[in-house]
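Here's the structure, in structure tokens; my notes come after.
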Amino acid sequence: MPEGRVTVLLFGPAREAAGRTSVVWEVPAGGLRAEEVVAGLRARYPRLGPTLDSSRYVRNGRYLSTLTTRLRPGDEFAVHPPYGGG
Amino acid sequence: MPEGRVTVLLFGPAREAAGRTSVVWEVPAGGLRAEEVVAGLRARYPRLGPTLDSSRYVRNGRYLSTLTTRLRPGDEFAVHPPYGGG
Amino acid sequence: MTVRLTDRPLSVADAMRALEGRGLGGVAVFAGRVRPDPGPGGPVSALHYDAHRAPALRRLRAIERTARRRFDARRVVLWHRVGRLRVGEISVIAGAACPHRASAFAAARYLIEELKATVPIWKTERRRGSGRRA
Amino acid sequence: MTVRLTDRPLSVADAMRALEGRGLGGVAVFAGRVRPDPGPGGPVSALHYDAHRAPALRRLRAIERTARRRFDARRVVLWHRVGRLRVGEISVIAGAACPHRASAFAAARYLIEELKATVPIWKTERRRGSGRRA
């Protein structure tokens, strides 16, 4: 995973709505908060909106309790829609 | 099954205690009640007593609600100790 | 066959095949195996199961019908082995396939509980040591 | 393996072998199969499952540990398939072997309910007809 980028993972309905399983996100000089990624996804993939509203967010395998969390280069940021295993 | 006889079936613990799976019982001229068979089994196989106390009795596939029931030649009379399948 | 009393080994793979069917999203299966219970006469080395065959089969079929009606079980297996079983062998398989998983679990549980309580089948134990014990 | 995320077909016979063990008298297994649910886009012809692999495996192992502790489950299988599954194929197997049957049922039920509620696995449907639907 290159420095300066965050890998955004899309699963299940999020993957379906965006038409892709991951997106590479550049971390700007001023830093990047999780909520900025979510807003960016919403703008870039309009069909993704409803899924983003019902999703939880995971940074490096940990659920985020707030989207004001800062993401760092090399982070994995995952969109978890409601689970559907079984 | 010959006329003039009842087949007594012994299962599970009753079979173990009596050392056999069935007994042929003659029906005397005066007839035969279920309780007479049970008393006879008790006398003939002393180890069978406790099992007989906890058993139910079945004539031709039907549970008997009373042991005063008369058995007829050709009947199948079964001793059902508490069930143990599974 | 939905209900079985057999002296041949029971196979869960066979049971799963018998429980296949379109639209049956949940399959729950219970298998009972002979345990080496400790006891005064030594651990169990084998069990002997016998059944009063005709009444047992009638009762198994009645349990099956109730499971179909009460839990919407579309496929049922209720198989019991008879004869001599060694420790570890499967004595009983109770399984149900239903459209949904909650009813599949409830049906399988019902099948095995009813079998144990109401079907004329008996087990007698063979222990390493003193021979026989009921 | 006690927990699995695999793109290979799941086998209940394999699960039963993994659930063998001395003294385990009760084995309960749940298998989920792909249903041809009706829907606005036509019946489901296939499902696609994907998982967030590392967190999913961690969570499966945590569920397994709890089942062992809470229900005295001595053997556990908690297997989920990923990738494309056709109608009728097995998506999940949750099984537990315990000394007694009541705990085996409770453990299997716990395993599947926890998996569905807490493990990052998703399914998306493929329908005959309009293509995709979440």
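The values are calculated or read from the model by the stated rules, or taken from the named source; none is laboratory data. Please read all numbers here as calculations on a predicted model, not as lab measurements. Quick reminder, even Gly has a Cβ in these numbers, built from the backbone with ideal geometry, and neighbours come from all protein chains shown.
When segment A:4-26 is limited to residues that are among the small types (G, A, S) and within 10 Å of chain D (Cβ to nearest Cβ), the one that is surrounded by the fewest Cβ atoms within 10 Å (Cβ to Cβ) turns out to be A:G19. For segment B:77-86, filtered to residues that are facing another protein chain (nearest Cβ under 9 Å) and not small (G, A, S), the residue that is surrounded by the most Cβ atoms within 10 Å (Cβ to Cβ) is B:P81.
Return yes or no: is D:K123 touching a His at 6+ places or on another chain (Cβ under 8 Å) and either at pLDDT below 95 or under 15 Å from C:G25 (Cβ atoms) (or both)?
Values: touching a His at 6+ places or on another chain (Cβ under 8 Å): yes; either at pLDDT below 95 or under 15 Å from C:G25 (Cβ atoms) (or both): yes.
Judged against the criteria, D:K123 is a match.
Among the residues of segment A:55-68, the one identified as away from chain D (no Cβ under 11 Å) and of a type in the set (G, A, S) is A:S65.
Quick one: how many residues across segment D:88-117 are assigned to a strand (DSSP E or B) and within 13 Å of chain A (Cβ to nearest Cβ)? Show your work before the answer.
Initially, segment D:88-117 is screened for residues assigned to a strand (DSSP E or B), giving D:90-98.
From the residues that got through so far, the ones that are within 13 Å of chain A (Cβ to nearest Cβ) too are D:90-94.
Number satisfying all stated conditions: 5.
When segment A:22-53 is filtered for residues that are closer than 27 Å to D:E125 by Cβ, of a type in the set (V, I, T) and over 11 Å from the mean Cα position of the chain (by Cα), only A:T51 remains. Only one of the numbered conditions (1) touching an Asp or Glu at 6+ places or on another chain (Cβ under 9 Å); (2) within 9 Å of chain D (Cβ to nearest Cβ); (3) surrounded by 20 or more Cβ atoms within 10 Å (Cβ to Cβ) is violated by A:L71, and that is (2).
Okay, residues lined up against (1) surrounded by 14 or more Cβ atoms within 10 Å (Cβ to Cβ); (2) at the interface with chain C (Cβ under 9 Å from one of its Cβ atoms); (3) on the phi > 0 side of the Ramachandran plot; (4) among the hydrophobic types (A, V, I, L, M, F, W, C):
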| position | (1), (2), (3), (4) |
| --- | --- |
| D:L5 | yes, no, no, yes |
| D:S11 | yes, yes, no, no |
| D:R17 | no, no, no, no |
| D:L24 | yes, yes, no, yes |
| D:R33 | yes, yes, no, no |
| D:S45 | yes, no, no, no |
| D:Y49 | yes, no, no, no |
| D:H52 | yes, no, no, no |
| D:T66 | yes, no, no, no |
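Would segment C:68-87 turn up any residue that is touching a residue at least 40 places away in the same chain (Cβ under 8 Å), within 10 Å of chain D (Cβ to nearest Cβ) and either within 23 Å of D:R75 (Cβ to Cβ) or out of contact with any Leu (no Cβ under 6 Å at 6 or more places or on another chain) (or both)? Yes, the conditions are met somewhere in segment C:68-87.
Only residues that are hydroxyl-bearing (S, T, Y) and either assigned to a loop (DSSP other than H, G, I, E, B) or in contact with a Ser or Thr (Cβ under 8 Å, 6 or more places away or on another chain) (or both): list them for segment C:4-59, please.
Here is the first cut: in segment C:4-59, the ones hydroxyl-bearing (S, T, Y) are C:6, C:11, C:45, C:49.
Within segment C:4-59, C:S11, C:Y49 qualify.
Tell me the residue from C:A67, C:A56 that is more than 15 Å from C:A31 (Cβ to Cβ), of a type in the set (A, V, I, L, M, F, W, C) and touching a helix residue (DSSP H, G or I) at 6+ places or on another chain (Cβ under 6 Å), please. Can you show your working first?
Working: C:A56 fails: touching a helix residue (DSSP H, G or I) at 6+ places or on another chain (Cβ under 6 Å).
None of the other options fit; the residue is C:A67.
For segment B:42-77, the set of residues classified as of a type in the set (G, A, S), free of Cβ contacts under 8 Å to residues at least 12 places away in the same chain and more than 16 Å from B:W25 (Cα to Cα) consists of B:G49, B:S65, listed by residue number.
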